[in-house]
1. Using the structure shown, decide if Glu133 is at pLDDT 95 or above, of a type in the set (D, E, K, R) and not in a helix (DSSP H, G or I).
2. Among the numbered criteria (1) under 25 Å from Ala81 (Cα atoms); (2) out of contact with any Gly (no Cβ under 8 Å at 6 or more places or on another chain); (3) surrounded by 19 or more Cβ atoms within 10 Å (Cβ to Cβ), which one does Val197 miss?
3. Taking Leu69, is it in contact (Cβ under 8 Å) with a residue 40 or more places away in the chain and more than 23 Å from the chain's Cα centre (by Cα)?
4. Condition first: more than 21 Å from the chain's Cα centre (by Cα) and of a type in the set (D, E, K, R). Now tell me which residues in the stretch 232-253 satisfy that.
5. State which residue is modelled with the lowest pLDDT when the search covers only the stretch 346-371 and only residues that are surrounded by fewer than 20 Cβ atoms within 10 Å (Cβ to Cβ) and on the phi > 0 side of the Ramachandran plot.
6. Residues of the stretch 372-393 being under 27 Å from the mean Cα position of the chain (by Cα) and surrounded by 20 or more Cβ atoms within 10 Å (Cβ to Cβ), which ones?
7. Give the residues of the stretch 38-66 that are charged (D, E, K, R) and touching a residue at least 12 places away in the same chain (Cβ under 8 Å), sorted by residue number.
8. Restricting attention to the stretch 150-176, and to residues there that are polar (S, T, N, Q) and out of contact with any helix residue (DSSP H, G or I) (no Cβ under 7 Å at 6 or more places or on another chain), which single residue is surrounded by the fewest Cβ atoms within 10 Å (Cβ to Cβ)?
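The values are calculated or read from the model by the stated rules, or taken from the named source; none is laboratory data. These figures come from a predicted structure and were not determined experimentally. Cβ placement follows ideal geometry from the backbone for every residue including glycine, while neighbour counts extend to all protein chains displayed.
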Amino acid sequence: MRQYPHLYIDGRWTEPLEPREAELIDPTREEVFARVALGSAADADRAVAAARKAFETFSVSSAADRIALIDRIIDVYESHADEFSELIAREVGIPVGNRAQVTGPAQHMRVARDILRDYPFETRMGSAVVRREPIGVCALISPWNWPIQTGVIKLIYGLAAGCTLVAKPSLNSAASGALMAQVLHEAEVPPGVFNLVNGTGREVGDALSRHRDVDMISFTGSTAAGKLVGAAAAGTVKRVCLELGGKSANIVLPDADLERAARWNIQRCFFNAGQSCHAPSRMLVHESQVEQVVPFLVDEVRRFRLGDPLDSATTMGPVVSAAQFKSIGDLVQSGLDDGAHLVTGGTERPEGLDRGYFVRPTVFTGVTPDMRIAREEVFGPVLAVLPYRDEDDALRIANDSPYGLGGYVFGDDPAKARRVVNGLRAGRVSYNGAATDSYAPMGGYKESGIGRSMGRFGFEEYLEVKSVYGFENEARA
């Protein structure tokens, strides 16, 4: 049994004020594998006070010093890469073969460092000097589905900007959160600059959202939870950056390579057992071509190997929890009840996997836009295939959603595809499966969020803007 009995506050591992703990369940074995300290609102107060004190000096540290700090963090983080890989397999079921979950965070660290190297903190606008300054104490609430990367993106841009931080990881991934705090400790992040308080969203998350000494809150999670964060933060008019749910559409134009589009859609949608907010969980296919794509979809589904995430040959592990397992099953059943056609998968456990929260990779055709599986975020390996009549109909269906996080378009004619890309109301759109870029911003339209993370846009979320007059000759590049 692994034990994580401490919070990390003011550069020290410390016990919570009230001795409480939470159990972490291994989703493969359905058994407790670790216990973590459970903090409270009072512990959040301690962490915020430490961050507020540290801000006085860290906010005026030089860019060169912060670059050196990030370089140390990168070195220490990479020395723990295998430990992170094994840990997230145990706590949230991510296969050890999914190295992107572990290598990606280091890449984001390097991007933040590179942006900091050349960033103009003072510029001239007319007769004014415009300064960008660190916003202050930032509360960072991160999810379990990208347990390392999401938290790293938040903290590394905050550090690069000169902010001080209080992090609250998801309780499902609190063990890897503790290991990340250890990385920062070993990298000699100054006391109080980074603090870690485990706890529930209802208690610690709410306390941080409402706290008068927190200047910004960055939250990634469900839209329902994000609305609560935004409402709580409104009382102190702090900056709120939210990355929330998605129901992304992949529009496959009639001139697309259907096999390529279908196979890519399955791999991208079912990556991480479908637990990705950008998953293309709606595939829009011209009504005359639906039957042509089905064999490719089924064949690609059968290539997944479900099993123990600690086995390097496994390509799909379990979903994170019993609650998630039930939620996905309920939505698959709703597809059957609403009359969608089940092509593969279903509600039964995968063959040979009688223990663990394993879900059959599932594909529906005959889906209409009003069905729950076409409207709600399943957050599991479930794909809804919807037919469309023409380009305008495809855009109408794709945009008829409260979400607007991601979008995808496949087609052979770049000019036509670009019109469709421009018509999608989403924050990040990819053509023909093009890879994303860590320098570009990520975020959503509509109920998928507020603000942006990653790249220069993400860096600037952690900066305030000050206009200064009377120093016309002193603006620095």
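1. Criteria met by Glu133.
2. (2)
3. Considered against the rule, which asks whether it is in contact (Cβ under 8 Å) with a residue 40 or more places away in the chain and more than 23 Å from the chain's Cα centre (by Cα), Leu69 comes out as yes.
4. Answer for the stretch 232-253, where residues must be more than 21 Å from the chain's Cα centre (by Cα) and of a type in the set (D, E, K, R): just Lys238.
5. The extreme case among them is Gly352.
6. Ile373, Ala374, Glu377, Val378, Phe379, Gly380, Pro381, Val382, Leu383, Ala384, Val385, Leu386
7. Correct list: Asp43, Asp45, Arg46, Arg52, Lys53, Arg66.
8. By that ranking, first place goes to Ser170.
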